[in-house]
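Quick notes on the structure that follows.
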Amino acid sequence: MRALNKKVYPAGWQVATVGFFLFYMLVPIISTYVFSVATRWDRTILPEGYTLEFYKRAFEASYFTTTLRNSLVLSLATVLVSLLIIVPTVYWVHTRLGRAKPLLDILMILPFGIPTVVLALALVQVYNFAPLARSPFLLIGAVVVYSMPFMYRPVSNAIQAIDVHVLTEAGQSLGANVFQVLAKIIIPNILPGLLSGSLLVFATVFAEYTLTSLIVGARFKTFPLLLVEFTRINGNVAAAFSVISFTIAWLVSLLILWVGSKGQTEKVESIQAR
Amino acid sequence: MAYLELKNVNKSFGGVAAVHDFSLDIEKGSLVSFLGPSGCGKTTTLRMIAGFEQLDSGTILLDGNDIVPVPPNRRDIGMVFQAYALFPNMTVRENIAFGLRMKKTPKEDVEKRVDSVLDMVRLQDTGKRFPHQLSGGQQQRIALARALAVQPRVLLLDEPLSALDAEVRVVLRGEIRRIQSELAITTVYVTHDQEEALSISDKVVVMNKGLIEQVGTPEEIYRAPNTRFVATFIGTANQFPGQTSEKNKVICVNVELLTGSLKEFNAGQSVVVLVRPETIQVQVERPQQENCNIIPGVVETITFHGAVTRLGVNINGQRVVADITVANTQPVSLNQKLWLTFPPEACQVMAAEE
Ligand SMILES: Nc1ncnc2c1ncn2[C@@H]1O[C@H](COP(=O)(O)OP(=O)(O)O)[C@@H](O)[C@H]1O
Ligand SMILES: [Mg+2]
């Protein structure tokens, strides 16, 4: 009741915390944006002039489209493979193998514990035969493992939040087989989890550098590789690349969110139509 | 031959028997309920019929065919769950149509069928809503409609009303019975609520610790319980442990009781006499009656239950409960001395356990 009648002002330290957080998060991004259009920015607080020259050079860079395409292919393929592996596994563990869940939870932290360089070198050593050796396929396999926790967590939480057992049995008693239950009942009900997992994986893989450079290198050059190359040539162009990379990641995120929310708006509309 | 037959079905979890040597015949079109305390194996048995749980041994025949090897989605057995289990991402209509779509039913037939079952559960106007926009009782009606839409051979219900309010429960159980008899669908109904089981079943299977205690019509179960467990689990019964003596008499710890024939017992055998509270009459003066149990006692508790008032009466140190209606007695007060009378037929004698 009190909260309703009296306006509650945030304490000073709350404002400070939030302010510091925003500053901490936004400054690097904003400076990258500014740097990508700055003519000269070492003698003054604000740049001395602005230009789109660096973007022109970025877009004109040889390999621009190839690396962009490679990055998109790599990220999307990883999202797909990850979904195909994680969703049935998590569903299976939740319905049939409850005891394996703690084990899976721990397994899914492992990729965080292994240094990427070690992972890359180990994979290159073990899979040193054709057609896998140093191929994009090996790279996809590697980034799937590397980004797996990002898919696993949201999917596992989403499945946990619904009554998988009962929904599965209800579906089966109505004549649906396991695939129909998964496709028509379980997946539509965990869609938000699948989307956030896909977003995290996409963004992570789109910016992945270490594995790519160590496993395939120049054979399958991705956008981050090109970006790092340019940091050695021209910082401003590298900044422009970063901005382009952000923008693409954002656009794809929005696209995924939009696709995902379509199902839900249809629901709302059908309720309102009543 | 019965429509659904369970033969010597056994199931244990981690070495502990959940269902033990369960054999039962269920007639086509009848409603049979499994009644028993929580943990007695009702759900496990139901899930074995549905195919969600594998049998350790035994067989289940449906219309003469062994269904044990058949996966649950091909058994043609509908199920209603305690937790409703409606699909949250689908509207009511889509939920009901789900089973028909799985069967690849033509679209017009699906629509007709959905309308007809919505009619049956009296929720014609809810078709476009989502499950979360319905009350618990409505959701359970839709779950019932969804299970019935595909015209299953058997309908299973696992405590379908336990999550609902008392009033809704009573209304809905009547509806379930009405629809069940209209469709003449073979139904197994699991409940731990004796009143529910007695009021809607053709037959009641009383279960305890994975075993069948008794199978019978609701009247048989209530009036002629086979075991002490059934007698005490269903309704209330006063228990008088004692030994049989000659001439239809049982010598109990506190009283001597006249009973019906004791032919099936040896003289001096340990038995328990059970007397239902509603068979006991209460009199202020000592009644002059032949061949009737007449026992003096002192009123210790009086509990008003609406239709009846339940008295707790002390007879020689044992508490006996008797139900009286306002119509047939004078007002009673605490610590009043009165006479309990009940005929020999009201005494159900059974051998003491062990
Ligand atoms: N999946 C299971 N794993 C282990 N024990 C179980 C499982 N399902 C049931 N049980 C045990 O079997 C017994 C019967 O359970 P259940 O059939 O659910 O009883 P009811 O439905 O009559 O309450 C209980 O002791 C229960 O703990
Ligand atoms: Mg149960």
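The values are calculated or read from the model by the stated rules, or taken from the named source; none is laboratory data. All values derive from a computational prediction rather than experimental measurement. For neighbour counting, all protein chains shown are included, and Cβ atoms are generated from backbone atoms with ideal geometry for every residue, glycine included.
Summary of computed values
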| quantity | calculated |
| --- | --- |
| Cβ-Cβ under 7 Å pairs, at least 6 apart or on other chains, region B:77-94 side within 7 Å of another protein chain (Cβ to nearest Cβ) and touching a residue at least 40 places away in the same chain (Cβ under 8 Å), far side surrounded by fewer than 21 Cβ atoms within 10 Å (Cβ to Cβ) and among the basic types (Lys, Arg) | B:77/B:153 |
| Residue ID - nearest to the other protein chains (Cβ to nearest Cβ), chosen from residues in region B:141-163 that are within 16 Å of ligand 2 (Cβ to nearest atom) and either closer than 26 Å to residue B:111 by Cβ or surrounded by 17 or more Cβ atoms within 10 Å (Cβ to Cβ) (or both) | B:156 |
| Filtered residues of region B:115-125 (kept if more than 10 Å from every other protein chain (Cβ to nearest Cβ) and not hydrophobic (A, V, I, L, M, F, W, C)) | B:115, B:116, B:119, B:122, B:124 |
| Count of residues meeting criterion [part of a loop (DSSP other than H, G, I, E, B) and in contact with a Lys or Arg (Cβ under 9 Å, 6 or more places away or on another chain)] in region B:38-55 | 7 |
| Scope region B:30-53; condition farther than 17 Å from residue B:213 by Cβ and either more than 11 Å from ligand 1 (Cβ to nearest atom) or not assigned by TED's automatic domain parsing to the domain that holds residue B:66 (or both); matching residues | B:30, B:31, B:49, B:50, B:51 |
| Elements of type strands (runs of 3 or more DSSP E) contained in region B:287-341, each with 2 or more residues being over 28 Å from residue B:260 (Cβ atoms) | B:293-304 |
| Region B:157-175, residues that are under 12 Å from residue B:140 (Cβ atoms) and among the charged types (D, E, K, R) | B:158, B:159, B:165, B:169, B:173, B:175 |
| Hits in region B:30-58 (condition: surrounded by fewer than 17 Cβ atoms within 10 Å (Cβ to Cβ) and more than 22 Å from residue A:175 (Cα to Cα)) | B:37, B:38, B:39, B:56, B:57 |
| Exclusive hit being surrounded by 15 or more Cβ atoms within 10 Å (Cβ to Cβ), among the hydrophobic types (A, V, I, L, M, F, W, C) and in the same structural domain as residue B:252 (by TED's automatic domain parsing), set B:332, B:326 | B:332 |
| Leading residue by the ranking (surrounded by the most Cβ atoms within 10 Å (Cβ to Cβ)) among those in region B:210-236 that are farther than 13 Å from residue B:36 by Cβ and aliphatic (A, V, I, L, M) | B:231 |
| Filtered residues of region B:126-140 (kept if facing another protein chain (nearest Cβ under 10 Å) and either closer than 14 Å to residue B:163 by Cα or free of Cβ contacts under 8 Å to residues at least 12 places away in the same chain (or both)) | B:133 |
| Residue in region B:80-102 that is within 16 Å of ligand 1 (Cβ to nearest atom), crowded, with 20+ Cβ neighbours inside 10 Å and assigned to a strand (DSSP E or B) present | yes |
| Scan of region A:159-190 for residues that are more than 8 Å from every other protein chain (Cβ to nearest Cβ) and surrounded by fewer than 22 Cβ atoms within 10 Å (Cβ to Cβ), ordered by number | A:159, A:160, A:161, A:164, A:165, A:178, A:179, A:182, A:183, A:187 |
| Count - residues of region B:1-37 that are within 13 Å of ligand 2 (Cβ to nearest atom) and not in a strand (DSSP E or B) | 2 |
| Selection count, region B:141-167, where residues are within 16 Å of ligand 1 (Cβ to nearest atom) and in contact (Cβ under 8 Å) with a residue 40 or more places away in the chain | 7 |
| Hits in region B:56-76 - residues which are free of Cβ contacts under 8 Å to residues at least 24 places away in the same chain and not in a helix (DSSP H, G or I) | B:65, B:66, B:67, B:68, B:69, B:70, B:71 |
| Residue that is surrounded by the fewest Cβ atoms within 10 Å (Cβ to Cβ), among those in region B:241-266 that are in a loop (DSSP other than H, G, I, E, B) and hydroxyl-bearing (Ser, Thr, Tyr) | B:261 |
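Okay, residues lined up against (1) of a type in the set (Ser, Thr, Tyr); (2) over 20 Å from the mean Cα position of the chain (by Cα); (3) under 20 Å from residue B:204 (Cα atoms):
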position: B:13; (1), (2), (3): no, yes, no
position: B:16; (1), (2), (3): no, yes, no
position: B:37; (1), (2), (3): no, no, yes
position: B:41; (1), (2), (3): no, no, yes
position: B:52; (1), (2), (3): no, yes, no
position: B:62; (1), (2), (3): no, yes, yes
